[in-house]
Amino acid sequence: MHIQVAPSVLASDFGNLQAAIEMINDSEADSIHIDIMDGVFVPNISFGFPVLEAIKKHAQKPLDVHLMIVNPDHYLSAFKEAGAETITVHMEACPHLHRTIQAIHELGCKAGVAINPHTNVELLRDVIRDLDQVIIMSVNPGFGGQKFIEHTYEKVRNLKAIITSSGSEALIEIDGGVNLDNAYKLIDAGADILVAGSFVFNAEDPAATISQLKEH
Ligand SMILES: O=C(CO)[C@H](O)[C@H](O)COP(=O)(O)O
């Protein structure tokens, strides 16, 4: 089974971002995960368009942009302009989720929906055929380096059943606390993409750690 790995640059050394992107370019990573936090939807602020554009300048892999922001509709075209290939919005931040998904597709981007640990996967049933990916948050969003929530496995299994029974082609991405201890169980439950921040960037050899996650 081919598992994708998306290193999260949130855990990289922002003073040497170019080196982090070059490491990802030269590694077996499939995409680059970009966490945008607004200090409103989540209790933290990460970075915005100038940093995203700087990453895009060096990136040789698709940018997987995860918007942890309120009112994402206001900024979708700006994220596309800045280089996003996939745009994921939070279900909890979108009162008109179907319209938001349509708007992402109209820009020519892949569309994803992320759900917080308290959000039931059943709520995705009516939009699942419209999605390219679902991010299941396996920590409460806002910070890297948190402990993986064990209930995630059950959510992945339940979501996989919804995807299979509906004929959807959506991929399941897991974000938060991913490491070699939980990767196998996540893949076994139905995960397609693993986001890894601190586990990759705190490793002695980040590129080798990406390969290990993929080999799992
Ligand atoms: O979305 C995020 C936080 O909201 C990060 O992508 C996620 O936490 C990954 O970091 P780590 O692997 O260090 O847990």
Quick check: Cα centre of the range 24-68 to Cα centre of the range 199-213, how many Å? 18 Å
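Are there any GluC sites (Glu not before Pro) in the range 148-216 that are in a DSSP loop and have at most 15 other Cβ atoms within 10 Å? List them by number. Can you show the working numbers first?
Numbers: sites: GLU150, GLU154, GLU169, GLU173, GLU204, GLU215; in loops: GLU150, GLU169, GLU204.
Here the sparse-neighbourhood loop sites are GLU150, GLU169, GLU204.
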Taking every pair of distinct Cα atoms and averaging 1/r, then inverting, what Kirkwood hydrodynamic radius in Å comes out for the range 4-215? 16.9 Å
Measuring from label point to label point, each 7 Å out along Cα→Cβ, what is the ASP26 to ASP13 span in nm? 1.4 nm
Charge dipole of the chain about the Cα centre (unit charges at C-beta), most positive-ward option of CYS94, ILE115, HIS105: CYS94
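Counting each DSSP H run of 4 or more residues in the chain as -39500 (n - 2.57), what helix-only mean residue ellipticity at 222 nm follows after dividing by all residues, to the nearest 500 deg cm²/dmol? Intermediate values should be presented prior to the final figure.
Working: 8 runs with 73 residues, N = 216.
After summing the helix terms and dividing by residue count, I get -9500 deg cm²/dmol.
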Given DSSP loops and a limit of at most 16 other Cβ atoms within 10 Å, what is the longest stretch of the chain that contains no such trypsin sites (Lys or Arg not before Pro)? 1-124
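Quick one: net charge around GLU173, please, counting Lys, Arg +1 and Asp, Glu -1 for every other residue with C-beta under 13 Å from its C-beta. Each step should come with its number before you reach the end.
Working: positive: LYS110, LYS155, LYS160; negative: ASP30, ASP35, ASP64, ASP132, ASP175, ASP192.
Once positives and negatives cancel, what remains is -3.
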Just to be sure I understand the rule: take each whole DSSP H helix in the chain, project its Cα atoms onto its long axis, keep it if the span is 20 Å or more and its mean Kyte-Doolittle hydropathy is at least 0.5. Which ones pass? none
Got a sec? Charge dipole of the chain, +1 on Cβ for Lys and Arg, -1 for Asp and Glu; which of GLY145, ILE128, ALA203 is way out at the positive end? ILE128
Pairs of Lys in the range 84-216 closer than 17 Å at Cα, counting only those 8 or more apart or on different chains: 5
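Please report, in debye to the nearest 20, how large the charge dipole of the chain is about its Cα centre when each Lys and Arg carries +1 at its beta carbon and each Asp and Glu carries -1 there. Display every interim value, and only then the final one.
Working: 14 positive and 29 negative charges, 73 e Å.
Charge dipole of the chain: 340 debye, to the nearest 20.
Within a Cβ distance under 11 Å of SER27, other residues only, what is the Lys/Arg minus Asp/Glu net charge?
-3
A short reminder: the numbers here are calculations on the coordinates, not readings from a lab. Worth saying up front: this structure is predicted, and the values here are computed from it rather than measured. Cβ sites come from the backbone with ideal geometry, for glycine too, and all protein chains shown count toward neighbours.
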